1. For residue 337, only one of the following conditions fails: (1) surrounded by fewer than 23 Cβ atoms within 10 Å (Cβ to Cβ); (2) assigned to a helix (DSSP H, G or I). What is its number?
2. Would you mention how many residues in region 41-60 are under 21 Å from residue 174 (Cα atoms) and touching a Leu at 6+ places or on another chain (Cβ under 7 Å)?
3. Of all residues being over 35 Å from the mean Cα position of the chain (by Cα) and of a type in the set (Gly, Ala, Ser) in region 458-516, which is nearest to residue 559 (Cα to Cα)? Just the residue, please.
4. Would you confirm whether or not region 310-326 contains a residue that is part of a helix (DSSP H, G or I) and not β-branched (Val, Ile, Thr)?
5. Condition (residue is touching a Ser or Thr at 6+ places or on another chain (Cβ under 7 Å), at pLDDT 95 or above, under 23 Å from residue 231 (Cα atoms) and part of a strand (DSSP E or B)) applied to region 427-447: is it met by at least one residue?
6. Considering region 172-194 alone, what residues qualify as being in contact with a strand residue (DSSP E or B) (Cβ under 7 Å, 6 or more places away or on another chain), surrounded by fewer than 16 Cβ atoms within 10 Å (Cβ to Cβ) and of a type outside the set (S, T, N, Q)?
7. Could you tell me whether any residue of region 454-475 is more than 24 Å from residue 189 (Cβ to Cβ) and either out of contact with any Gly (no Cβ under 6 Å at 6 or more places or on another chain) or in contact (Cβ under 8 Å) with a residue 60 or more places away in the chain (or both)?
Amino acid sequence: MNYKTDLDKLRHSCSHVMAQAVKELWPDVKVTIGPAIENGFYYDFDKKAPFTDEDLATIEKKMQEIIKRDPSFKQSHMTRDAAIAMFRKMNEDYKIELIEGLPDEEVSIYHTDDEWLDLCKGPHVENAKQIRAFKLLSVAGAYWRGDERKAQLQRVYGTAFFDKKDLKEFLKILEEAKKRDHRKLGPQLDLFNFYQETAGPGLVFYHPPGAILRRIIEEYIVGQNVKRGYQLVQTPHILKGKLWEISGHADHYKENMFYFMVDDEEYAVKPMNCPGHILIYKSKTRSYRDMPIRFFELGDVYRKEKTGVMHGLLRVRGFTQDDAHIFCREDQVKEEVMKVIDFTFDVMKDFGFDNMNIELSTRPDDYIGSIENWQTATQALESALKEKELAYQINEGDGAFYGPKIDIKLKDALSREWQCATIQCDFSLPKRFGLEYINEDGNTTQPIMIHRAILGSVERFFGTLIEHYGGAFPSWLAPTQAGIIPIREEHQAYALKIKEDLQQKGLRGIIDQRNESLNKKIREGTIKKIPYLLVVGDKEVQSKTVAVRKYARGDQGTCALDTFIEKLDEEVRLKKY
């Protein structure tokens, strides 16, 4: 038994039961597709009125009725013409379009006995009673075939498990995930917001606490790069369109780019930093003694993401990549890839991630360069993973158009995967741009280019951190590390001294000077998830102490001010959790 395969089969069968339930409840609704996905399934429907939460409950009830009848899932085959005629009679236009796009003369149909049928290649469970534990989760908008120019559909998400215990555990995690949703916590903690109506979708505005946290992340990653021999560079946000023609982006990525005209010449806002780093490499003669050359940039890039796919900080139109390009000799590729892997693991450990999955993505259908170079590049990445003795999965056909890649996915506190680090091996762009170095024999040789990001993008990593910690950041990352709460007006002077002493150590403190009750100040400081709250009154002023409250742990007792600052400073320096 393959658990994942069997679970996908169960979920796909559940999506069919859901579609049957919808058709029984709303006969005029048109059905499209309903696959199993990572954590469940969905089915897309063409329905004029939107589904409501009450509708989901009604659909679930109807699904239970269908399951109780226990229809069997049976497969049959029909000719294309017969299937088109049948679905035309059923007024199922989307099924007809799907069939017309299939290459085979015969199509597969699945029936739940004589109750309902659907175009589907399967497989399915034997009968509906095997679907014992399921739940419909939400409704979202979706375009037919992901094309915003086509009909907007309603996507109903659900999940299913083999037993109710697993379903209950999943729903518990789902509730916790809702509490950690960065789109909710970002504005709540005053970290960031989007002003879509006035500024445009997918463009992030960082408020003061969020800007502080972002700067902490950026200063950290810059320091880590410098420590490992990377040279800092900075490249323009706009470049001539001809440059993107040479790189291949104009042919393979243009639909994701913003183009505009200047003095009758085409320019593009950069979606990637690679061509800029290439031009810096080409600015002087390079020798084999110089290799490897590592350029690093916190590069702002912009991509024309469709409105329907943007998702908080995880998918935006404007973002910053912690982008680096390593120009090296072919015999250095494996060692450089191994160093990047070590770099990634070190960084993620500092940020509190110790569980990661690795994928090796191979040549896609839309690619540039020779198959021979693709094979060499893929072997270089794979040999680095094998030498590091790391487990990995092959992700067929999901490489970048210019080279294969290693993707390192983080697992957060709820065991959810987040795509961050990527390592791409590229023979193609150095050839297209005519990159060279002088080898040991005095001849010119083409270098290999490794594209590399550790965080992936600052925005996505920011969102990942929010959800991993639920907004309760460790003290080294917290925008405010200590909230100082004077009980009365006469304690303000001592509160100011505490803040100044914290600042002398490079620590971040704020004073709550409002004329509010102590309990309200403590409650609101807790809502803001500040790691430490320092309460000061007569006793603390006289003894030069602070009454310490730690987030999620409550009252920690009274501590000498100097001692507290020393402990917090150590906690921050050592990145303790």
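1. Just one mismatch for residue 337, condition (1).
2. Residues flagged as under 21 Å from residue 174 (Cα atoms) and touching a Leu at 6+ places or on another chain (Cβ under 7 Å) within region 41-60 amount to 3.
3. 495
4. The answer is no; no qualifying residue exists.
5. Yes, the conditions are met somewhere in region 427-447.
6. 187
7. Of region 454-475, the ones more than 24 Å from residue 189 (Cβ to Cβ) are 454.
Filter once more, keeping what is either out of contact with any Gly (no Cβ under 6 Å at 6 or more places or on another chain) or in contact (Cβ under 8 Å) with a residue 60 or more places away in the chain (or both): 454.
Yes, because at least one residue in region 454-475 is more than 24 Å from residue 189 (Cβ to Cβ) and either out of contact with any Gly (no Cβ under 6 Å at 6 or more places or on another chain) or in contact (Cβ under 8 Å) with a residue 60 or more places away in the chain (or both).
Residue-wise test of (1) within 24 Å of residue 458 (Cβ to Cβ); (2) modelled with pLDDT of 95 or more; (3) not assigned by TED's automatic domain parsing to the domain that holds residue 147.
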| residue | (1), (2), (3) |
| --- | --- |
| 292 | no, yes, yes |
| 296 | yes, yes, yes |
| 306 | yes, no, yes |
| 310 | yes, no, yes |
| 314 | yes, no, yes |
| 322 | yes, yes, yes |
| 330 | no, no, yes |
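The values are calculated or read from the model by the stated rules, or taken from the named source; none is laboratory data. As the structure is a prediction and not an experimental result, all values here were calculated from the model. Backbone-built Cβ (ideal geometry, glycine too); neighbour counts: all protein chains shown.
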